[in-house]
Amino acid sequence: MDVEAAALIALGLKYLGAGLAMTGAIGAGAGVGIVVGGAVQGIARNPDAAGQIMSNMILGVALAEAVAIYALVVSLILIFVAPIG
């Protein structure tokens with residue numbers, strides 16, 4: 001295998017790693033769906049507690065989205081900063 005082929009394989013693996021790093025966004029999306037669904041059910045069962053449920057829901061959504069942002073940052077670092085080979 002020559003040097004050019006090895007560099008192309010390394011570049012392809014770099015992009016593959018960046019794509020795999022974004023799988024963290026799948027968990028964040030599922031987490032947000034579960035949190036919001038639970039909040040809607042809680043508000044439907046007890047409308048008087050809507051304010052407290054809503055504030056806890058917003059905190060949960062923010063924490064779940066933070067994981068997706070971390071995955072995006074890792075992916076962007078792999079694409080633009082990490083050296084090849």
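Scanning region 64-85 for residues that are in a loop (DSSP other than H, G, I, E, B) and touching a helix residue (DSSP H, G or I) at 6+ places or on another chain (Cβ under 6 Å) returns Ile84, Gly85. Criterion applied to Gly37, Gly27 was being in a helix (DSSP H, G or I) and loosely packed, with under 13 Cβ neighbours inside 10 Å, and the one residue passing it is Gly37.
Listed here are the residues, each with its yes/no results for (1) of a type outside the set (Val, Ile, Thr); (2) exposed (fewer than 12 other Cβ atoms within 10 Å of the Cβ); (3) modelled with pLDDT of 90 or more.
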site	(1), (2), (3)
Leu16	yes, yes, yes
Ile43	no, no, yes
Ala68	yes, no, yes
Ser75	yes, no, yes
Ile84	no, yes, no
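Among residues of region 60-77 that are within 18 Å of Leu13 (Cα to Cα), those with a beta-carbon under 7 Å from a residue that is assigned to a helix (DSSP H, G or I) at least six positions away or on a different chain give the pairs Ala71/Ala21; Ala71/Gly24; Ala71/Ala25; Val74/Ala21; Ser75/Ala18; Ser75/Ala21.
The values are calculated or read from the model by the stated rules, or taken from the named source; none is laboratory data. The structure presented is a predicted model; accordingly, all values stated were derived computationally and were not measured. Every residue, glycine among them, receives a Cβ derived from its backbone with ideal geometry; neighbour counts consider all protein chains shown.
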